[in-house]
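Just so you know, all these numbers are worked out from the coordinates, no wet-lab data involved. This one's a predicted model, so the numbers in the text were calculated from it and none came from an experiment. FYI the Cβ positions are ideal-geometry reconstructions off the backbone, even for glycines, and counts take in every protein chain you see.
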Amino acid sequence: MKTKPLARLNRVILAVLLAAMPAVYAQTQPVNFTSEPNKSLAAAHESFVAKNMNAASEQIHTASVYVRKQSSKVSGEAKAGMKKAGDELDQLGQGVQAGTVKSEAELKQTFAKVNHQMATCWHQTAAASKEAGKNANAELKKAGASLSASAKWSGRKLNEGAQSTVDAIKQAGKATSDHVKAGGEAVDKWFKNLGESIKDLGDGL
């Protein structure tokens with residue numbers, strides 16, 4: 001008779017543990033990317049979770065070098081922001097190596113902020129291209145990719161409108177490679193939607 005309350009208690013404890021597992025699992029799951037700088041950041045995340053801080057620091061540094069190089073490809077007003085994003089990654093890498101960065105959440109939050117800064121810079125560059133009468137598809141595609149990466153690292157989802165815009169720009173990018181350009185009206189809509197989405201996501205970072 002005395003074993004029944006104990007059995008019930010064990011079942012309650014087991015239920016609590018099982019309920020907590022998805023959140024823990026989601027927190028430690030690597031975020032998969034196939035292009036830089038997030039390919040290196042994803043590798044750094046895996047190394048950090050595995051407690052290999054030297055490797056994590058080196059991989060973050062690789063990403064920071066890539067980001068700073070992008071400053072030569074963005075518009076004048078966006079150069080400082082892109083360099084700042086690279087510097088922020090370097091500071092994070094130094095903190096990882098020194099042991100002052102202790103949580104996975106802090107790591108991901110910085111990755112999210114860096115990608116958000118990159119999205120802003122590419123959006124500013126798209127604005128400069130539009131103003132100069134140039135095709136801004138490539139810059140918008142990079143802004144969309146960075147925005148999407150920022151959302152993933154922060155554990156948030158883009159709203160339906162923002163995701164639709166990012167998907168549409170990806171398709172336009174494929175079409176552009178075949179010498180087909182998106183119309184001006186579509187680009188204007190993408191530009192506006194991305195700008196609003198970048199601001200919305202930034203408010204929560």
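Taking only the C-alpha atoms of the range 26-86, the Rg (one decimal) and the largest Cα-Cα distance, Dmax (whole number), read 13.1, 40 Å.
Projecting the Cα atoms of Trp190, Val96, Ser72 onto the dipole axis of the range 31-203, where Lys and Arg carry +1 and Asp and Glu carry -1 at the beta carbon, places Ser72 farthest toward the positive end.
When His61, His123 are sorted by how many other C-beta atoms sit within 10 angstrom of their C-beta, beginning with the fewest, the order is His61, His123.
In a reduced charge model with +1 at each Lys and Arg Cβ and -1 at each Asp and Glu Cβ, the range 112-166 shows a dipole moment near 160 debye about its Cα centre. Taking every alpha-carbon pair in the range 31-203 and binning the separations at 5 Å intervals from zero gives 1, 9, 18, 20, 19, 14, 9, 5, 3, 1, 0 percent.
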